[in-house]
Amino acid sequence: MSSMNDQRLLNLGRAGVVGLARVTVVFSRWAVAIAFGLFLMLQASCVTTRRPAEVVDKVDWPAFLARHDMVWTKLPDKWGSGAFTGNGLLGANVFTIEKGTNRFLRWHIGRSDVTLAGSRIPIGDLVLKTTGTLEGGTMRLDLWNAEASGRIKTTAGEIALHTFTHAQQMVQVIEIDPTEGEKDCRFEWEPGLAADPRKVYQKEPIPDAEKSPDPLFIETNGMHVCVQPLRNNGEHATVWTDKRSGADIVFVSVAYAKRKGVAQELAMGSVSKATLAGIKSLVASHRDWWHQYWPESFVSIPDTRLESFYWLQMYKFASATRADRMPIDLMGPWYNNTPWPKIWWNLNIQLTYWPILTGNRLELGEPFCRMLDNAKPALAANAKDCSVDSYAIGRSCSYDCVRPVGDEICDLPWALHNYYLQYRYSMDDTMLRDRLFPLLKGSMNYYLHHLKEGKDGYLHTTDGYSPEYPNQPKPNPDCTIDLALIRWGCQTLLDSCNRLKLSDPLEPKWKETLAKLTPYPTNENGLEISASMPFAVSHRHYSHLLMIYPLYTMNLEQPGNRDLVVNSLNHWMGMPKALRGYSYTGAASISALLGKGDDAARYLNKLLDEKILPNTLYTEAGPCIETPLSGAASLNDMLLTSWGGKLRVFPGTPTNWHNAVFHNLRGEGAFLVSAARKDNKTSFIRISSLAGEPCRVVTDMFNPRAPGVRVKKLAEHEYEVDLKKGQTALLTSNGFAVNPIISAVASEKERENYYGLK
C-alpha cells in the first residue's frame, strides 16, 4: 500500500514537474512577449534614459568656402564679371575699363541710399592709373574673409592688390604693392553722372532743369574729396586718401545727406576713423564679422557648381544688406546702367528676400519689414480714395514707399506675405500683433473696397491687373493673383486673431469673403490669368500660380488639386519664348513641391547655363538682383520646406544626389533643422524647437524615433514629434544609433571655383 502510494506520489510529482515546466515555458513565452511589447512601447514613446546623440559639426569653413571662391585667370572686364564686395550700404565692383588705347582697373563704387528724385544714381570710379600698359592679371575673391586679391601685370611691372569693403565701417580698403617699375602708379576719381538714370539708359537728353551742378574737387587735411551737389538740394561726397606703410593703402568712403556740407564731413570722418584704426585692426574686425556670419547655416550637395552658386548668393545677400542698413532694391550697392533704378513691388523685392528664411539669416530681412513699418502714412496716401482705412502701393518707388496704387492692386499684399513669412520663421508674436497685423488689415481693406457681389452670388473684384501679362484690359477683374492674395490675406487675419486672442470687428467680413469669393478661373490648361483672359502666350511671371507658390494655399494635400497644379506648371513652362531667369527658379520650387527633384535640378541648372553672369549677377536690361537670390531659395526648397505646419525634409531631392547635408536650416514655427542624406536615404534629422510650436515631420525615414522624445505616426511618412520650447530631437530610423556628423559632401573637383572668369 505504501509502495503504491509512493509510486502515485512519484508519478504525481513527475507530472507536477512536467506541468510546472510546461507552465514555466508558457509563462516564459508570455513574459518574453510582454517584455518585448513593453520594449516596443518604450521605443514608440522614446522613454529611455539614453542621452540623445549630439550632432557633430565638422565643417572646415575656410577649406569648404575656398572651393567656391570666384577665380579670375584673366581680369574681369564688365560689371557682370567683376569682383564685388559690400557691407549692406557701401560697395565696390572691381573690373577693367577701356580708356583710349589702354585699359585700367577700376573700383566701381556704389552706395545704396544715394538717390536723386527717388532714383538710384551712380557714384563714380576710383581708377588705378598705371605707368605701363595693362597686359593682364589674375584675381580671387576669398569668400571666408570677404576679400579680393590679385596681381596685375603691365609693360612697366606688376602690382599686387588686396581690397574689401569693411564689414562695419563705411570704408572701402584698397592695398596695392607695386614693383619698382610701377611705383608711380596712382588713383584718380571719375565721378558718375547725377541725372535721371532712366533717361541716361535710354540716351535721352537731360533738360537743363533736371541737371545737377558739376562735382567739386577739394583737397583738405591730406584727403581728396569730390562733392556732388544734387538738384534737389542734397549731396553725396566721396573721400579717399593714400597712406604709405610698406604698401600703398587707400581708404575710400562715400556719404549722402539731404543738406549741403554734411556729406563731406561724414565721409571724411569715416576715412579718418579707418586711418586711425590701421590696416591690421580693420582686417581683424572685418574678418571677425564674416566668420560669425557664415556658420548660421550650412548646405552641401553633390552638384558643386550649384553649391558654389548657392554660397555666392549667401555672400551677396550679406554684402547687399544688414539688419541696421538699407533694404535691397534691384541692384544692392553695385550700381550699373539701368532703367530699373528703384524698388519694384510686383515680383522683384518679394523674390529677393526668400533665401534668408530657410537659410536662417532672418536678421537680414529686418530692413524690409522696417521700411514698411515706417511707410504707413505713405501707404495710406497711396490708397487714394480709400486712404481712411487702407494701405496700398504702386509698381515701383523709392525707399519712402511713395507711389499711388495703379492698375496692379496686388503689390502690397504680396509684399506683406514676405513680412508674414518673416514672422512665421521667427514666431515673434509681438511682430505679428504690433507691426504686421495692422498693415495686412489695411491692405485687405483696399481689396474689400474693390469687391462686388455678382448675379451668381459670388464676390468679384472690380479692379485688378496681372503683373506684366500682355494685352490685358484695364482694369482686369477677377485676376487669379488677386483672388489668391484675398484668400490668403483674409485667412491669415482670422488665424492671427485666433492666435493673438484678438476680437476684430471685421472678422465676419473676412469670413464672408472667404465663403463667397469667386472660384479661380481655370480651363483645360490649368489656371488662367483672369476670368476673361486665359494664359495663352509665353510670360515670364508666375503671378497666376501664386496660390501654388509661394502661398501654398493650393497644394497637393487638397483632394483633386494635383492635376490642376501639374497642368498649370507644364502649360506655363511649355511656352518658353518669354521665360527669364526667375521663371526657372519658380518652376524649380514648384517642382520641389511636387516631389519632382530631377525637374527642380534641371530648371536650376538651366538658369545657370543660360542666364547667370560669370560673377552670378544678373540683368534684364538692368540689374535684377532678385533672380539669382531666388535661385538660392529654390535650392532651400529642395532640401527643406515647412508650409502648412509640416517640416518636409528632402522633399525635392534629385535621384542623383545620393548624399546631401544641411545644418540649422530654419522652418516655419521657428525650428532649426539639420539632416543628412546618405546613399539616397535620410540617415538622421535633428530638430530644435525655438518657440514650442507643434512639430510635424514628413520624411522618407523608416519608423523614425528619437531618444527622450515621443514620436507618433500620423500618416504615411508623417510623424508628430512632441517637442517643447528649447528641446531638441535627433530622429533616426527605428531609433538606431548613427554618427550624426555635419561635413561637406565630396566635391566635383573639376567644377570647383566655377565662377569668376577663365
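The values are calculated or read from the model by the stated rules, or taken from the named source; none is laboratory data. This structure is a prediction, so every number in the text was calculated from the model and none was measured. Cβ placement follows ideal geometry from the backbone for every residue including glycine, while neighbour counts extend to all protein chains displayed.
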- Kindly indicate which of LEU527, LEU545 is buried (at least 24 other Cβ atoms within 10 Å of the Cβ) and out of contact with any His (no Cβ under 6 Å at 6 or more places or on another chain). LEU545
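Kindly check whether there is at least one residue in the stretch 429-442 that is polar (S, T, N, Q), farther than 21 Å from HIS544 by Cα and surrounded by fewer than 18 Cβ atoms within 10 Å (Cβ to Cβ).
Yes, that holds for at least one residue.
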- Query: Within the stretch 707-744, can you find the residues that are among the polar types (S, T, N, Q) and either surrounded by fewer than 15 Cβ atoms within 10 Å (Cβ to Cβ) or touching a Phe, Trp or Tyr at 6+ places or on another chain (Cβ under 8 Å) (or both)?
  - Reply: THR732, SER733, ASN734, ASN739
- Query: If you go through the stretch 674-687 one residue at a time, do you hit one that is modelled with pLDDT of 95 or more, under 22 Å from the mean Cα position of the chain (by Cα) and of a type in the set (Lys, Arg)?
  - Reply: no
- Note on the structure: For the stretch 478-512, the count of residues that are crowded, with 19+ Cβ neighbours inside 10 Å and not β-branched (Val, Ile, Thr) equals 12
- Looking at PRO215, is it at pLDDT 95 or above and in contact with an Asp or Glu (Cβ under 8 Å, 6 or more places away or on another chain)? no
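So which helices (runs of 4 or more DSSP H) stay within the stretch 419-522 end to end and still have 1 or more residues that are in contact with a Cys (Cβ under 6 Å, 6 or more places away or on another chain) and either without any contact (Cβ under 8 Å) to a residue 40 or more places away in the chain or farther than 26 Å from VAL565 by Cα (or both)? Write out each step before concluding.
Values: elements: 437-448, 480-500, 507-516.
Where helices (runs of 4 or more DSSP H) fall fully within the stretch 419-522 and carry at least 1 residues being in contact with a Cys (Cβ under 6 Å, 6 or more places away or on another chain) and either without any contact (Cβ under 8 Å) to a residue 40 or more places away in the chain or farther than 26 Å from VAL565 by Cα (or both), they are 437-448, 507-516.
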- Message: Show the residue pairs meeting these rules: Cβ distance below 6 Å; 6+ apart or different chains; first residue within the stretch 245-267 and surrounded by fewer than 24 Cβ atoms within 10 Å (Cβ to Cβ); second residue at pLDDT below 90 and not hydrophobic (A, V, I, L, M, F, W, C).
- Response: ASP248/ASP242; ILE249/LYS243; VAL250/ASP242
- Subset of the stretch 218-242 that is under 21 Å from ASP184 (Cβ atoms) and loosely packed, with under 15 Cβ neighbours inside 10 Å - its residue that is modelled with the highest pLDDT: GLU219
- Message: Where the second residue is buried (at least 19 other Cβ atoms within 10 Å of the Cβ) and modelled with pLDDT under 95 and the first is closer than 17 Å to LEU266 by Cβ and lies in the stretch 108-134, which pairs have Cβ atoms under 9 Å and are six or more apart or on separate chains?
- Response: VAL114/GLY234; THR115/GLY234
- Those strands (runs of 3 or more DSSP E) lying entirely in the stretch 695-758 with at least 1 residues free of Cβ contacts under 8 Å to residues at least 60 places away in the same chain and under 28 Å from the mean Cα position of the chain (by Cα): 695-698, 718-721, 728-733
- Query: Does the stretch 152-171 hold any residues that are β-branched (Val, Ile, Thr) and out of contact with any Lys or Arg (no Cβ under 8 Å at 6 or more places or on another chain), and which are they?
  - Reply: ILE152, THR154, THR155, THR163, THR165
- Query: Cβ-Cβ below 9 Å, separation at least six or inter-chain, first residue in the stretch 135-152 and free of Cβ contacts under 8 Å to residues at least 40 places away in the same chain, second among the hydrophobic types (A, V, I, L, M, F, W, C) and surrounded by fewer than 19 Cβ atoms within 10 Å (Cβ to Cβ): which pairs?
  - Reply: SER149/ALA160; ARG151/ALA160
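So, LEU330, is that one of a type in the set (A, V, I, L, M), under 17 Å from the mean Cα position of the chain (by Cα) and in a loop (DSSP other than H, G, I, E, B) or not?
Numbers: of a type in the set (A, V, I, L, M): yes; under 17 Å from the mean Cα position of the chain (by Cα): yes; in a loop (DSSP other than H, G, I, E, B): yes.
Yes: the conditions hold for LEU330.
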- Note on the structure: Pairing a residue in the stretch 597-623 that is crowded, with 19+ Cβ neighbours inside 10 Å with any residue that is charged (D, E, K, R) and in a helix (DSSP H, G or I), where Cβ atoms lie under 9 Å and the two sit 6 or more apart in sequence or on different chains, gives ALA600/ASP637; LEU608/ARG305; THR616/LYS316; LEU617/LYS316; TYR618/GLU626
- Looking at TRP144, is it on the phi < 0 side of the Ramachandran plot and in contact with a helix residue (DSSP H, G or I) (Cβ under 6 Å, 6 or more places away or on another chain)? yes
- Query: When you look at TYR391, is it free of Cβ contacts under 8 Å to residues at least 60 places away in the same chain and over 19 Å from TYR465 (Cα atoms), yes or no?
  - Reply: no
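On the basis of being at pLDDT 95 or above and more than 23 Å from THR321 (Cα to Cα), does THR130 make the cut?
Values: at pLDDT 95 or above: yes; more than 23 Å from THR321 (Cα to Cα): yes.
Criteria met by THR130.
I need a count of the residues in the stretch 545-561 that are within 14 Å of TRP488 (Cβ to Cβ) and among the polar types (S, T, N, Q).
We begin by selecting, within the stretch 545-561, every residue within 14 Å of TRP488 (Cβ to Cβ); these are 545-555.
Filter once more, so that each one left must be among the polar types (S, T, N, Q): 553, 555.
Qualifying residue count, the stretch 545-561: 2.
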- Message: It is to be established whether one or more residues within the stretch 159-175 are surrounded by fewer than 18 Cβ atoms within 10 Å (Cβ to Cβ), in contact with an Asp or Glu (Cβ under 9 Å, 6 or more places away or on another chain) and over 30 Å from ALA378 (Cβ atoms).
- Response: yes
- Checklist (1) of a type in the set (A, V, I, L, M, F, W, C); (2) without any contact (Cβ under 8 Å) to a residue 60 or more places away in the chain; (3) in contact with a Cys (Cβ under 8 Å, 6 or more places away or on another chain) applied to LEU556, failing item: (3)
- Message: So, in the stretch 625-660, exactly how many residues are among the hydrophobic types (A, V, I, L, M, F, W, C), crowded, with 22+ Cβ neighbours inside 10 Å and more than 15 Å from TYR582 (Cα to Cα)?
- Response: 7
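List the strands (runs of 3 or more DSSP E) inside the stretch 139-229, counting only whole elements, that have at least 2 residues being of a type outside the set (Val, Ile, Thr) and within 26 Å of LYS258 (Cβ to Cβ). Spell out how you get there, then give the answer.
On the way: elements: 147-154, 158-165, 172-178, 186-191, 216-220, 223-229.
Counting at least 2 such residues, we get 186-191, 216-220, 223-229.
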- Query: Do any residues in the stretch 172-191 that are in contact (Cβ under 8 Å) with a residue 40 or more places away in the chain and on the phi > 0 side of the Ramachandran plot have Cβ atoms under 6 Å from those of residues that are in a strand (DSSP E or B) and among the polar types (S, T, N, Q), where the two are at least six apart or on different chains, and which pairs are they?
  - Reply: none
- Can you tell which of SER390, SER319 is crowded, with 20+ Cβ neighbours inside 10 Å, outside any helix (DSSP H, G or I) and among the hydroxyl-bearing types (Ser, Thr, Tyr)? SER390
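Which residue is nearest to VAL254 (Cα to Cα), if the candidates are limited to the stretch 192-216 and must be loosely packed, with under 12 Cβ neighbours inside 10 Å and free of Cβ contacts under 8 Å to residues at least 40 places away in the same chain?
The first filter runs over the stretch 192-216 and keeps only residues loosely packed, with under 12 Cβ neighbours inside 10 Å, leaving 202-205, 207-209, 214.
Now drop any that are not free of Cβ contacts under 8 Å to residues at least 40 places away in the same chain, which leaves 203-205, 207-209, 214.
Values: LYS203: 27, GLU204: 28, PRO205: 28, PRO207: 27, ASP208: 26, ALA209: 26, ASP214: 17 Å.
The selected residue is ASP214.
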